[in-house]
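The structure appears below as structure tokens.
The values are calculated or read from the model by the stated rules, or taken from the named source; none is laboratory data. No experiment lies behind these values; they were computed from the predicted model shown. Ideal geometry is used to build each Cβ from the backbone, glycine not excepted, and the neighbour counts take in all protein chains shown. For the accessible areas, the whole protein counts, side chains as well, though only heavy atoms, and no ligand, DNA or RNA atoms are used. Shrake-Rupley method; radii C 1.70, N 1.55, O 1.52, S 1.80 Å.
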Amino acid sequence: MPRSPAVSVIVPVLNESISIVPALERLLPLRDAVAEVIVVDGGSTDDTVALATPLCDRLAVSSPGRAVQMNQGAAVARGQVLLFLHADTELPDGADRLLADFSASERAWGRFDVRLSGRRPLFRVIASMMNARSRFTGIATGDQGIFVRRTVFEDLGGYRSMPLMEDVELCRRLRRISPPFCIRTPVVTDSRRWERHGPWRTIFLMWRLRWRYWRGADPADLARQYRSDVRRSTNPITHKADSP
């Protein structure tokens, strides 16, 4: 029988044919060392599935929606640690060692610090604010590469099926079990949505949506507001709906 991997990297995708090959190639060192890579497609209409299949250990298909897709990936995962990774987020060198440090700890879950890929100085400020906020609140977003022990994830029932804020909602439950294991070595996430919509506009939109969520707003209403705001600020090109 093949040895079970220490880590299962779960990558939800939808119409990522432009970026999926380099994204999965970046995971090859981790895959060779300790991990399996599971890609979960949410119904792509481009070549994502064909391009991803030879570069992952398993490709699953589900209905669209990050929460649904990530739960689907977790259901077939064999690793003791589940790492949920966006296709546009790059793990740092030595991620296997950093995740081994987590496995040896008593924490139930964790996340990486984040850095935005763009070169504008403002992006460094934004990333610093995101990391500080996460460290203070014990809440992470999907851009930070959330990882969790599989037994804990299963006991909690996984992600709640919701169109937005699924990562924030999961973290609220996880932090009741333990504080996050915070890895300061950052992942690098694509700054395209910040560049496309404008940094300040994106900041204000994200904070407004989070504030409404904390006040009890329906995530479906927040998702509609997010899509409406994106349409007003975006050229008519294909884009994905990123979680704030």
>> Looking at GLY118 and the list (1) surrounded by fewer than 20 Cβ atoms within 10 Å (Cβ to Cβ); (2) on the phi > 0 side of the Ramachandran plot, which single condition is not satisfied?
In response: (2)
> Mind checking which residues of segment 130-160 are touching a helix residue (DSSP H, G or I) at 6+ places or on another chain (Cβ under 7 Å) and open to solvent by 60 Å² or more (accessible area, probe 1.4 Å)?
Replying inline: ARG160
>> If I filter segment 161-187 down to residues being closer than 18 Å to LEU209 by Cβ and of a type in the set (A, V, I, L, M), which single residue comes out as most open to solvent (accessible area, probe 1.4 Å)?
In response: MET162
>> Considering only segment 9-29, I want to know if a residue exists there that is within 15 Å of the chain's Cα centre (by Cα), of a type in the set (A, V, I, L, M, F, W, C), surrounded by 22 or more Cβ atoms within 10 Å (Cβ to Cβ) and farther than 25 Å from PHE102 by Cα.
In response: yes
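Does ARG184 satisfy the condition of being of a type outside the set (A, V, I, L, M) and part of a strand (DSSP E or B)?
So ARG184 fits the description; yes.
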